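The values are calculated or read from the model by the stated rules, or taken from the named source; none is laboratory data. Worth saying up front: this structure is predicted, and the values here are computed from it rather than measured. Positions of Cβ are backbone-derived with ideal geometry, glycine not excepted, and every protein chain shown enters the neighbour counts. The protein model used for the area step is the full one, side chains on, heavy atoms only, and it has no ligands, DNA or RNA in it. Shrake-Rupley method; radii C 1.70, N 1.55, O 1.52, S 1.80 Å.
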Amino acid sequence: EAQVTQNPRYLITVTGKKLTVTCSQNMNHEYMSWYRQDPGLGLRQIYYSMNVEVTDKGDVPEGYKVSRKEKRNFPLILESPSPNQTSLYFCASSAKSYEQYFGPGTRLTVT
Amino acid sequence: AQSVTQPDIHITVSEGASLELRCNYSYGATPYLFWYVQSPGQGLQLLLKYFSGDTLVQGIKGFEAEFKRSQSSFNLRKPSVHWSDAAEYFCAVGRYSSASKIIFGSGTRLSIRP
């Protein structure tokens with residue numbers, strides 16, 4: 001089954017404790033993105049990747065890091081999380097058709 | 001710069017009634033346009049997309065959308081809504097040069113009145 005998986009689905013952490021949210025896709029897609037969803041703001045792109053070792057900033061990259069060492073994986077790293085990064089995070093992948101396939105989301109709470 | 005506006009934050013319609021969700025975009029060239037649906041607690045699913053050609057596009061679940069260049073709009077319609085259509089709907093715009101650079105609107109939450 002074609003899918004994008006994210007782990008964990010729910011995470012509660014404290015300010016400053018480094019965390020990683022994993023994202024994996026099994027569709028051999030070149031493009032992958034991370035979004036955060038906040039009430040009233042829709043989805044805002046954090047980072048995107050056009051292929052292995054090729055990443056670029058989206059609209060809200062501050063406080064986040066990404067890497068793309070393998071085509072299927074695109075982890076999101078928060079080196080020092082802060083409460084304003086409490087949000088719902090989505091990973092997505094797409095081929096050149098532009099249709100994005102979304103993961104189920106990760107709800108992160110930073111206290 | 002690209003932008004997407006969904007002017008309606010929340011809409012309530014009766015089951016069986018028709019639906020139109022509004023979307024306006026700002027983009028210098030012909031955009032790639034999308035509508036996604038997000039059911040409660042779920043990720044986003046593509047309803048339909050417009051790249052070129054016929055300005056009336058059909059999607060899944062009985063939805064359709066019409067691209068109107070003169071009005072910079074891409075409104076989503078359904079002739080008769082079902083209770084299962086209650087969800088949040090997002091309009092999005094992309095550009096030809098980058099399949100990863102998609103801008104989303106702020107969403108419209110649809111409630112269905114029994």
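Each residue of the stretch B:53-59 in order: what ³J(HN,Hα) in whole Hz does its phi give by Karplus 6.51 cos²θ - 1.76 cosθ + 1.60, θ = phi - 60°, with x for Gly and Pro?
x, 3, 7, 9, 10, 9, x
Mind checking which lysines have their Cα closer than 27 Å to the Cα of A:LYS69? Skip sequence neighbours fewer than 8 apart in that chain.
Counting by Cα, and skipping residues close in sequence, A:LYS69 has these lysines nearby: A:LYS17, A:LYS18, A:LYS57, A:LYS96, B:LYS101.
How crowded by other chains is A:36-43, given as the mean number of beta carbons from other chains within 10 Å of each beta carbon?
The per-residue average across the peptide is 5.
Could you work out the relative contact order of chain B? I mean the mean sequence separation of Cα pairs under 8 Å and 6+ apart, divided by the number of residues, in percent.
Answer for chain B is 37 percent.
Could you pull out every one of the aspartates and glutamates with an alpha carbon less than 12 Å from that of B:LYS68, ignoring same-chain neighbours closer than 8 positions?
B:ASP54
Roughly how many nanometres apart are two label points built 7 Å out from the Cα toward the Cβ at A:GLU62 and B:THR5?
Distance between label points: 2.6 nm.
Which whole-Hz ³J(HN,Hα) couplings does the stretch A:68-73 yield from phi under the Karplus relation 6.51 cos²θ - 1.76 cosθ + 1.60, θ = phi - 60°, glycine and proline marked x?
9, 8, 10, 4, 7, 10
If a/c stays under 1.5 just call it rounded; otherwise compare a/b with b/c (prolate if a/b is bigger, oblate if not). Do that for chain A, with a ≥ b ≥ c from the square roots of the Cα gyration tensor eigenvalues.
Here chain A falls in the prolate category.
Rounded to whole Å and sorted largest first, what semi-axes of the equivalent ellipsoid does the C-alpha gyration tensor of the protein assembly as shown yield via the square root of 5 times each eigenvalue?
Equivalent-ellipsoid dimensions as semi-axes: 30, 20, 16 Å.
Amide H to amide H, which residues 5 or more places from B:LEU44 or on other chains are under 5 Å from it, using H placed in the peptide plane?
For B:LEU44, whose amide H was placed from the backbone, the distant partners under 5 Å are A:PHE102.
Over the heavy atoms of A:LYS96, what accessible area does a 1.4 Å probe trace out, to the nearest 10 Å²?
Near enough 140 Å² of accessible area.
What trypsin sites (Lys or Arg not before Pro) in the stretch A:43-90 are in a loop by DSSP, with at most 14 other Cβ atoms within 10 Å of the Cβ?
Sparse-neighbourhood loop trypsin sites (Lys or Arg not before Pro): A:LYS69.
Please name whichever of B:HIS82, B:GLN38, B:VAL93 sits farthest to the positive end of the charge dipole of the stretch B:15-104, dipole taken about the Cα centre and charges placed at Cβ: Lys and Arg +1, Asp and Glu -1.
Positive-most Cα among the choices belongs to B:VAL93.
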